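The block underneath contains the structure these notes are about, expressed in structure tokens.
The values are calculated or read from the model by the stated rules, or taken from the named source; none is laboratory data. Treat the numbers as computed from the prediction; the structure is a model and nothing was measured. Cβ sites come from the backbone with ideal geometry, for glycine too, and all protein chains shown count toward neighbours.
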Amino acid sequence: MANNTAPTPPVTENTEETTSLDTVLLVLRRYWFIIILAALAGGTAAYYLAGRQNYIYQKTASVLMRDAKTSSDASSERIMAELGIDSGAANLANESFILKSTALMKKVVEDLNLNTSYWQKKDFREIDLYKTSPLLVHFERIDKQRACTLQITPLDEKRFMLSHSNNQGESVQLEGFYGKPLTLPFAVISIHPTSLMTDAWNEKTVIVRHKPVLETANNLLHGLTVTRPDAKESSLLEMSLTASNPQKAEDVLNHLIQVYNQISKDERNKAALKTENFIQSRLKELGAALSDVDKKITEFKTKSDIVKDTDTTMSADFSTSQALEKEIFDLETQIKLAAILADNLKETERKQGLISVETGLPDSGIARQIEHYNEAYLEYQKIAGSAGSQNPITVSLRDRMNSTRAAANKALSNYRSNLNLKLNQLISKRDSLTERLTETASREQEIIPLVREHKVKEELYLMLLSKEQENALAMAVTESSARVLETAHGPNFPISPKTIQYIAGGTAGGALFSIFAFMGAAMLNNKVNNKHDLPSTNRQPVIAELPQ
């Protein structure tokens with residue numbers, strides 16, 4: 001008789017999902033203790049990794065720039081414009097790059113001596129002893145590009161133990177005395193205790209790291225960010241810096257703003273200083289020339305009995321002659337000023353520099369060309385100092401300088417030609433009148449050249465004196481490009497490392513790793529270890545379990 005066997009039902013997806021869930025529950029039930037141990041191990045490892053990282057602090061400062069696009073007090077702007085004074089406005093985009101330039105940060109590092117840092121080992125990490133170090137190291141002789149690490153352990157009030165690595169990487173120990181030079185293979189140093197040195201520091205090691213100034217500046221720049229909170233409206237720049245010590249971050253930010261303001265003032269005062277030197281040299285020359293002309297006029301009047309009365313019949317011609325003399329005087333004054341400006345432009349072609357905008361000429365077109373040249377030159381100096389002379393912007397600025405200078409030369413040449421032509425016409429008219437006045441005013445005509453020369457030099461002298469005072473006022477009222485709204489500030493607790501997040505991540509990672517490991521091992525196991533490993537589709541009863 002045939003044995004009728006019931007057909008086996010097909011395996012469904014729900015069975016696979018139930019099997020996976022059973023595997024997870026089985027792993028948790030069997031290996032819960034090991035999973036807890038793995039989680040604790042992961043949390044401990046994460047705590048150790050967080051403990052090895054140095055503290056990082058963040059400070060923020062805010063400055064308000066004198067933006068060229070924004071307007072200030074109308075009366076102040078009007079007065080400064082009349083005196084020809086630069087208001088000190090800055091382009092925010094350019095100034096943001098200047099604040100992050102290596103040149104500024106190098107100056108900060110040198111002023112604050114940040115290329116030498118002091119550290120103390122605590123637990124797993126190192127603590128920056130900025131301004132809290134018990135000792136200071138003076139590098140009396142060391143190569144500028146040399147970096148070194150010293151480990152100094154105070155022994156008592158007079159002695160210390162110094163350790164450093166030689167070229168083979170071996171540790172070398174030396175005993176020294178405070179205040180006395182110590183010669184090392186790569187430097188000559190002297191170590192001095194600070195007011196913070198106490199007996200508690202004995203037998204505790206201070207780690208001293210000395211780096212090149214440029215490397216230290218680049219490290220600080222990596223943690224510096226300059227942002228504009230509202231790119232459309234405000235002239236506010238917000239500066240943030242991360243450092244290994246909160247006080248160091250504050251000092252670097254505050255000093256960076258001071259250095260930036262000082263350099264911007266110096267740049268704007270270059271034109272004023274050049275103008276001052278030019279005015280002083282011309283005043284000296286004109287003063288000597290005026291004294292010589294005064295002496296000649298006095299001698300002439302002493303020798304000649306000059307009578308200023310003229311015949312009534314010649315009064316009209318005499319008045320006309322005087323008017324022509326006045327016009328000739330004005331033209332000659334302008335010609336002299338134009339010649340001085342032409343010499344200044346030629347000198348600028350040989351050696352680049354600023355051109356004095358105080359020309360004294362009524363032609364405003366020439367003055368505008370010179371102002372455009374000076375603006376291009378100052379912007380070129382700023383950008384070339386940080387971006388280099390081959391930068392496309394600096395090349396464009398050089399072309400702009402050359403074009404504006406050439407335009408000024410051409411305009412000045414045409415202006416001088418017109419002056420000379422007009423002067424020749426006036427001289428011709430004056431000569432015709434002079435011929436009619438020669439007989440009655442021959443003696444007075446002899447002194448006219450001296451008087452005219454005296455007037456020209458006197459007008460020039462008075463004008464230069466006035467410009468000297470205006471230039472001094474311009475230098476005195478030069479304002480900073482950045483006005484500090486908030487000095488460096490921020491919390492004194494570190495922003496990194498975040499220990500709690502490290503521990504939470506490590507604990508979760510350790511637990512998940514162990515769970516996945518056990519699940520993988522269970523899924524790869526194709527043996528029947530107990531009755532629970534029998535598939536649910538097998539409806540045959542389990543009679544017994546045999547031990548191994």
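The figures follow:
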read-out: Output for region 410-433, where each listed residue is buried (at least 17 other Cβ atoms within 10 Å of the Cβ) and farther than 15 Å from Q334 by Cα; value: R430, L433
read-out: Filter result for E238 (outside any helix (DSSP H, G or I) and surrounded by 15 or more Cβ atoms within 10 Å (Cβ to Cβ)); value: yes
read-out: Candidate set: region 223-235, residues that are polar (S, T, N, Q) and outside any strand (DSSP E or B); chosen: the one surrounded by the most Cβ atoms within 10 Å (Cβ to Cβ); value: S235
read-out: Qualifying residue in region 401-408 (condition: at pLDDT 70 or above and under 20 Å from I328 (Cβ atoms)); value: no
read-out: So Q258, is it farther than 30 Å from D343 by Cα and either part of a helix (DSSP H, G or I) or assigned by TED's automatic domain parsing to the domain that holds E375 (or both); value: yes
read-out: Any hit, region 227-237, residues being among the β-branched types (V, I, T) and either closer than 30 Å to Q425 by Cβ or modelled with pLDDT under 80 (or both); value: no
read-out: Any hit, region 247-259, residues being among the hydrophobic types (A, V, I, L, M, F, W, C) and surrounded by fewer than 20 Cβ atoms within 10 Å (Cβ to Cβ); value: yes
read-out: Leading residue by the ranking (modelled with the lowest pLDDT) among those in region 16-40 that are aliphatic (A, V, I, L, M) and buried (at least 17 other Cβ atoms within 10 Å of the Cβ); value: V27
read-out: Residues of region 108-129 that turn out to be β-branched (V, I, T) and in a strand (DSSP E or B), as a count; value: 2
read-out: Qualifying residues in region 208-222 (those that are out of contact with any Cys (no Cβ under 6 Å at 6 or more places or on another chain) and assigned to a strand (DSSP E or B)) - the one surrounded by the most Cβ atoms within 10 Å (Cβ to Cβ); value: V208
read-out: Test set (1) among the hydrophobic types (A, V, I, L, M, F, W, C); (2) modelled with pLDDT of 75 or more; (3) surrounded by fewer than 19 Cβ atoms within 10 Å (Cβ to Cβ) - I98 fails condition number; value: (3)
read-out: Candidates K131, K144, filtered to the one that is among the basic types (K, R), under 25 Å from K248 (Cα atoms) and modelled with pLDDT under 90; value: K144
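Table: residues versus (1) among the charged types (D, E, K, R); (2) modelled with pLDDT of 75 or more; (3) within 20 Å of K59 (Cα to Cα).
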residue	(1), (2), (3)
T242	no, yes, yes
E250	yes, yes, yes
L253	no, yes, yes
E285	yes, yes, no
T302	no, no, no
M314	no, no, no
